Amino acid sequence: MAAGAASEPVTAAAEAARRAKALREAIRAHDHAYYVLDAPTVSDAEYDALYRELVELEARHPALVTPDSPTRRVGGQPVAAFAPVRHRVPMLSIRTETDTTAGAAEKFDARIRRELGLPDGAPPVAYVAELKFDGLAVSLRYERGLLAVAATRGDGEVGEDVTRNARTIRAIPQRLATADPPEVLEVRGEVYMRRADFARLNERQRAAGGKPFINPRNTAAGAVRQLDPAATAQRPLRFFAYGLGETAGCTLPATHSGVLRMLRDFGLPVCADWRVARGAGELAAFYEDVARRRDDLPFDIDGVVYKVDDLAAQRRLGYVTREPRWAVAHKFPAEEAATTVQDIGVQVGRTGAITPVARLAPVFVGGVTVTNATLHNEDEVRRKDVHVGDTVVVRRAGDVIPEVVRVVVERRPPDARPFRMPAHCPECGSAIARLPDEAVARCTGGLFCPAQRKQALLHFAGRRAMDIEGLGDKLVDQLVDAGLVRTPADVYSLATGELAALERMAEKSAANVVAAIEKSKRTTLARFVFALGIRHVGEATARDLARHFGGLDALMAADEASLQEAPDVGPVLAQSVAGFFAEPHNRQVIEALRAAGVRWDEHAPQRAAAGPLAGKTVVLTGTLPTLSRDAAKALVESAGGKAAGSVSKKTDYVVAGAEAGGKLDRARELGIRIIGEEGLRALLAGRQP
Ligand code: IVH
């Protein structure tokens with residue numbers, strides 16, 4: 001056998017071993033950059049390519065697999081139960097201060113000073129202030145630098161062996177980043193999940209038709225305690241180290257801040273958001289600062305932790321039962337709490353938006369007593385499946401409006417009842433409607449509804465609408481609050497004296513406003529239609545509608561089909577306009593505006609000459625089911641037809657309603673086509689009656 005041939009495989013194997021080692025080191029470095037430094041060095045795609053190459057290499061050369069290879073993180077066989085692990089140094093709990101004011105820091109500091117026997121004039125004690133992560137405590141035991149055992153806290157003395165699960169967490173190094181590892185280093189810390197990772201996980205879960213997870217903490221804790229490590233590997237878990245358990249063959253720093261730096265130097269993820277705080281004042285300042293930033297953090301916390309920095313002082317302070325005397329957890333007010341839904345009402349917004357609101361049995365959450373929580377909209381109520389009578393979890397974070405997070409379905413009473421969107425606005429009794437493209441239902445009484453009053457008036461008086469100079473938001477506020485104006489029509493009966501009596505309103509400016517109101521009476525149909533504030537009707541649409549229908553009566557009488565014949569009017573807009581004019585409250589206000597003298601020139605509609613009734617003569621008789629005589633006449637004219645008063649041989653159609661008399665007889669005599677309102681609508685839409 002030639003020497004070359006024999007050495008060939010040896011060289012190939014050596015090359016494979018070299019490459020595997022290089023890949024493992026690269027992946028470890030990228031993991032460290034990503035999870036510990038929070039500063040990724042490669043794209044996900046590049047990372048995946050390295051990982052796949054290592055998997056393939058190890059598949060071809062099984063002898064190259066090392067126990068700490070990144071490829072071993074995938075999981076493996078499920079276990080029947082977790083083996084118990086006795087903690088050689090107990091995993092202590094921490095005393096919790098629930099007083100949510102800065103006073104808690106003073107209490108802690110005063111106790112520490114007393115127990116350390118410090119005289120009054122002594123300098124402030126140095127503490128480390130950290131975040132209190134909301135996850136699951138674990139202990140990681142590194143032996144000669146290699147991860148040997150991972151355990152949960154259990155009862156503090158004996159925990160569960162979750163080593164195989166911990167190995168799937170990429171934020172947990174399989175080996176310490178040191179050439180000279182200690183004999184034993186037990187690292188204590190928290191497994192947690194970032195909010196964004198949690199949200200993505202839930203998106204995937206929902207897309208797969210699964211039940212969504214409740215919150216990051218429970219999900220992280222549940223994932224660590226999965227019997228199947230492959231399931232743990234599917235969860236985006238992270239880890240923060242914050243303390244030590246047993247150590248051997250390791251020179252410890254003199255301070256806790258030194259420990260945190262040492263852990264970081266060993267390649268463990270340590271949250272950078274900690275500081276040395278001197279005295280109660282600096283502890284309280286940290287608490288306040290974190291409380292303000294809490295919602296901006298990428299993960300959930302439930303408070304901060306204060307620890308005496310000096311380790312010798314920690315030893316002197318010692319323990320009471322299961323709690324160290326040298327540390328305290330200073331909690332934030334809980335952001336979630338359970339309570340019951342006593343009713344589901346609706347609230348009307350400035351734009352008429354109807355928001356379902358859960359009326360709750362009072363509950364203290366996020367630092368205040370909450371009695372109402374928003375349910376956003378109808379679909380949201382369905383999605384969350386909230387019934388009256390349900391027990392629900394309510395969340396109030398920061399300044400945001402309290403919301404219902406979820407229902408505790410197991411506690412639903414048999415007489416719980418689902419929410420039904422009311423048909424009428426609780427503020428004004430107008431119809432509630434939901435446009436096809438919208439999530440939100442709205443009150444259609446835009447001109448009449450007290451909830452929409454200020455908004456409607458401001459829009460009405462606006463420069464591009466009725467253009468009433470001087471009627472701005474401050475005056476609108478005053479007029480509405482004083483009860484002088486309820487609908488836009490009331491504006492036209494305001495007297496100079498009434499205005500002048502308002503605060504900060506001189507006689508002269510009152511007279512100016514009255515003059516501007518008077519002047520606004522002379523307007524155009526397009527401006528008037530825009531001023532009504534119909535949803536989706538902007539200036540351009542208002543102009544199109546005015547031009548197309550020529551007069552207000554024709555516009556008001558148009559049904560959805562005829563509206564859609566106007567340029568650029570689709571089904572949503574047509575439904576919005578028809579719905580607005582169908583609301584009797586709005587019609588009343590429009591009538592009052594006309595009666596007050598608001599006027600415009602009605603044009604012959606643009607398309608009339610070419611309209612579906614061009615050249616036709618129509619006679620109206622009797623009472624039509626929905627159209628007034630005027631409205632029907634306006635519609636005929638807007639379609640290019642002539643509405644005549646009497647029937648003759650030249651009459652093309654007689655539109656007959658209830659109690660039609662002589663004209664109907666005459667039409668029969670002359671053999672003229674007789675139709676009803678339906679037939680008229682067909683003609684207007686260009687169809688055969
Ligand atoms: S130190 C001897 N530091 O809060 C002190 N704990 O009951 C041991 N926690 O079980 C705990 N963040 O899971 C410490 N920065 C932090 C922490 C923290 C969260 C958890 C830990 C512990 C619980 C306190």
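Quick note: the coordinates plus some simple rules give every number you see, no bench work behind them. Values in this document were obtained by computation on a predicted structure and should not be read as measured data. Backbone-built Cβ (ideal geometry, glycine too); neighbour counts: all protein chains shown.
A few notes on this one:
- At 1.002 mPa s and 20 °C, Stokes D of segment 113-198 from Kirkwood alpha-carbon radius, µm² per second: 137
- Using a simple spin-label model with pseudo-atoms 7 Å out from Cα toward Cβ, Arg383 and Asp343 lie 2.7 nm apart.
- Spin-label pair Ser493/Val480, simplified geometry with 7 Å Cα→Cβ offset, distance in nm: 2.0
- Cubic angstrom per residue, convex hull over Cα atoms of segment 481-635: 131
- Computed over segment 595-682, the alpha-carbon pair-distance distribution with 5 angstrom bins reads 3, 15, 24, 23, 16, 10, 6, 2, 1, 0, each value a whole percent.
- What separates the Cα centres of segment 126-186 and segment 266-309 is a distance of 21 Å.
- Alpha-carbon geometry of segment 271-418: the Rg and the Dmax are 20.7, 66 Å, given in that order.
- The dipole here belongs to segment 356-433: it is taken about the Cα centre, uses +1 on the Cβ of Lys and Arg and -1 on the Cβ of Asp and Glu, and is about 200 debye.
- Translational diffusion of segment 91-240, µm² s⁻¹ [Kirkwood Rh, Cα pairs; Stokes-Einstein; 37 °C; 0.692 mPa s]: 182
- Net charge of the neighbourhood of Ala526, taken over other residues with C-beta under 13 Å away and scored Lys/Arg +1, Asp/Glu -1, is -1.
- When the alpha-carbon atoms of segment 559-648 are used, the pair Rg, Dmax equals 14.7, 41 angstrom.
- Sorting the segments 344-354, 587-597 by their residues' average number of neighbouring beta-carbon atoms within 10 angstrom, most packed first, yields 344-354, 587-597.
- Between the helical axis of 279-293 and the longest alpha-carbon principal axis of the chain there is an angle of about 40 degrees.
- Cysteines in the chain that lack a partner Cβ within the 4.7 Å cut-off: Cys250, Cys271.
- Cα centroid separation - segment 509-557 against segment 379-435, whole Å: 38
- Cross-link partners for Lys211 among the lysines, with Cα-Cα distance under 28 Å and sequence neighbours closer than 8 places in the same chain left out: Lys384.
- Mean projected area (nm²) of the alpha-carbon convex hull when segment 173-274 is viewed from all directions: 7.9
- Hydrodynamic radius (Kirkwood) for segment 474-552, which is based on Cα pairs only, to one decimal in Å: 14.1
- Cα gyration tensor of segment 405-469 - equivalent ellipsoid semi-axes, whole Å, descending: 37, 13, 11
- For the chain, the longest principal axis of the Cα atoms and the long axis of helix 3-31 meet at an angle of about 60 degrees.
- Building the convex hull from the alpha-carbon atoms of segment 17-158 and averaging its projection over directions returns 14.3 nm².
- Computed over every Cα-Cα pair of segment 379-441 and binned at 5 Å starting from 0, the pair-distance distribution P(r) comes out as 4, 15, 18, 19, 18, 17, 9, 1 percent.
- Peptides 656-662, 302-308, 228-234, 19-25, ordered by how many other C-beta atoms sit within 10 Å of their residues on average, highest first, read 302-308, 228-234, 19-25, 656-662.
- Remark: C-alpha extents of the chain on the principal axes read 116, 87, 51 Å, sorted largest to smallest.
- The C-alpha atoms of the chain define a longest principal axis, and helix 507-520 lies at about 70 degrees to it.
- Three principal axis extents of segment 287-329 based on alpha-carbon atoms, in descending order, are 37, 21, 16 Å.
- Annotation note: GluC sites (Glu not before Pro) in segment 166-218 located in DSSP loop regions with a Cβ neighbour count of at most 16 within 10 Å are Glu183.
- Summing charges over all other residues whose Cβ lies under 11 Å from the Cβ of Lys642, with Lys and Arg as +1 and Asp and Glu as -1, gives +1.
- Computed across segment 25-81, the Kirkwood hydrodynamic radius from all distinct Cα-Cα pairs reaches 12.7 Å.
- Of the peptides 670-682, 537-549, 496-508, the order by per-residue mean of other Cβ atoms within 10 Å, starting with the highest, comes out as 537-549, 670-682, 496-508.
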